[in-house]
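The values are calculated or read from the model by the stated rules, or taken from the named source; none is laboratory data. Just so it is clear, the model here is predicted, and its values are computed rather than measured. Because the Cβ atoms are built from the backbone with ideal geometry, glycine has one as well, and the counts that use them run over all protein chains shown.
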Amino acid sequence: MSTQVNSDFLNAFINAEASTGGVAAVGVVSICELRGSTLSARFAADYLSPASPRYLRETFSLRSDPGKLFPWARSIFILAIPFTALPSVSGSIEAKDSSGAPSFPLLFPDGGKVCRKSQRENNSRNTRFVGRIAAYAARIDYHVFAKSILAELAEDLKSALGRDFRAVPAVDTQPLPERSLAVLAGLGTIGRNQALLVPGYGSGCFLCELVTDVIVETGGAQIPNDDGEAVRGMEKGGETDWCQGCGACVSNCPTGALSCDSRGGFAMERCRSHLTIERREPLSDSESELLGDWIFGCGECLNVCRDTRLPPPAGIDLRWLLEVSAGEVSRSIKGTAMEYAGVTQLRRNALIVLGNDSSKDALELVARFSRRTSSELLRETAARVLYRRP
Ligand code: SF4
Ligand code: SF4
């Protein structure tokens with residue numbers, strides 16, 4: 001039998017959860033509220049675009065109505081968690097720029113020996129090439145971290161209700177329209193950079209959900225105020241002016257994936273995050289150029305958004321990435337979001353970044369790697385890199 005909770009109980013519970021450390025905002029929507037209003041037209045267009053990954057196109061119908069996938073569900077709790085709450089992974093050292101000042105953390109370069117050696121010895125086999133990765137990828141995988149927070153939320157709710165209930169956690173693992181749900185739950189609004197903007201945290205949060213069979217009376221979502229106390233959230237389902245349309249995200253996007261139209265136009269096929277993580281095929285020459293020196297993610301449109309605090313991007317030594325065994329790379333990225341991309345995808349991107357560098361040393365590294373690899377994708381990518389030179 002489903003458990004039913006009224007809005008006073010729910011508000012008190014959400015107040016308590018929202019004011020615990022590590023969570024920026026919590027809200028809940030009932031499944032009844034969702035029908036017919038879950039997926040904003042804006043995301044529907046993105047999901048159905050031919051440029052969208054196949055899994056998004058194939059799950060469109062489920063994403064439009066979570067009740068189809070979870071016929072037993074009665075409510076969905078949704079949490080916004082700041083990226084800054086993610087613990088760091090071990091094995092990072094500080095990279096230095098040419099003046100010796102720290103620039104960004106460099107990960108997994110053989111305990112730093114490669115970097116120190118490359119500064120001492122000025123021969124081509126030791127030139128350092130760095131591929132950048134999004135800040136969150138240098139931390140504990142947000143999927144793992146969010147599942148622990150959702151487990152705590154479920155335990156807290158069980159204690160508060162005094163009875164068990166059915167619950168399924170979701171962190172990118174279920175086809176839920178999470179940004180639309182977050183808006184409906186009053187957690188924030190969607191910015192021109194396509195991200196959820198949470199008051200006080202800007203674009204610096206990721207989302208996760210707990211699908212439950214708890215019947216809720218919802219009366220508005222809760223967002224912590226500056227003192228960390230939960231206060232009445234935005235009008236449910238309403239678009240607000242919290243994104244001020246300043247356009248900083250659009251002008252800071254290096255690939256032109258965002259546009260200035262007031263609804264926030266997005267060309268997924270030009271987005272580095274999409275190209276480095278989701279696109280598994282060989283990239284064309286024009287797509288390869290869009291990567292610049294990034295091998296995983298991007299997020300340059302998030303950093304510039306108001307109130308957003310993100311850790312700096314990190315870097316990976318590309319020589320290390322291509323020259324150590326696949327097993328060593330695999331062990332090093334275990335427990336980070338880069339595990340989702342996998343070793344082959346990271347190496348494909350590394351080859352492209354070296355191609356964008358286009359120096360003699362970079363191309364020699366690509367050529368050496370291509371003679372060794374047994375991966376068809378990597379051989380093809382290396383060939384494109386080597387033969388696209390004028
Ligand atoms: S940078 Fe400006 S326009 Fe872009 S999402 Fe943030 S507030 Fe909106
Ligand atoms: S993630 Fe990077 S490429 Fe994609 S829209 Fe944002 S700034 Fe542009």
**Residues that are modelled with pLDDT of 95 or more and more than 9 Å from ligand 2 (Cβ to nearest atom), drawn from region 294-309** = ILE295, PHE296
**Asked** What are the residues in region 198-215 that are part of a strand (DSSP E or B) and within 24 Å of ALA154 (Cα to Cα), if any?
**Response** VAL198, CYS205, PHE206, LEU207, CYS208, GLU209, LEU210, VAL211, THR212, ILE215
**Asked** Conditions: (1) part of a helix (DSSP H, G or I); (2) more than 26 Å from LYS147 (Cα to Cα); (3) more than 14 Å from ligand 2 (Cβ to nearest atom). VAL329 meets all but one. Number of the miss?
**Response** (2)
**Prompt:** Any idea which residue in region 163-194 is farthest from CYS271 (Cα to Cα), counting only those that are modelled with pLDDT of 90 or more and among the small types (Gly, Ala, Ser)?
**Reply:** ALA167
**Asked** For the subset of region 7-25 comprising residues that are part of a loop (DSSP other than H, G, I, E, B) and modelled with pLDDT of 70 or more, which member is farthest from VAL216 (Cα to Cα)?
**Response** GLY22
**Message:** For region 66-82, give me each residue that is crowded, with 17+ Cβ neighbours inside 10 Å, of a type outside the set (A, V, I, L, M) and more than 23 Å from the chain's Cα centre (by Cα).
**Reply:** PHE70, ARG74, SER75
**Asked** When you look at ARG279, is it within 27 Å of GLU376 (Cβ to Cβ), within 11 Å of ligand 2 (Cβ to nearest atom) and either at pLDDT 90 or above or in the same structural domain as GLY200 (by TED's automatic domain parsing) (or both), yes or no?
**Response** no
**Request:** Answer yes or no as to whether LEU365 is over 22 Å from ILE140 (Cα atoms) and either of a type in the set (A, V, I, L, M, F, W, C) or part of a helix (DSSP H, G or I) (or both).
**Result:** yes
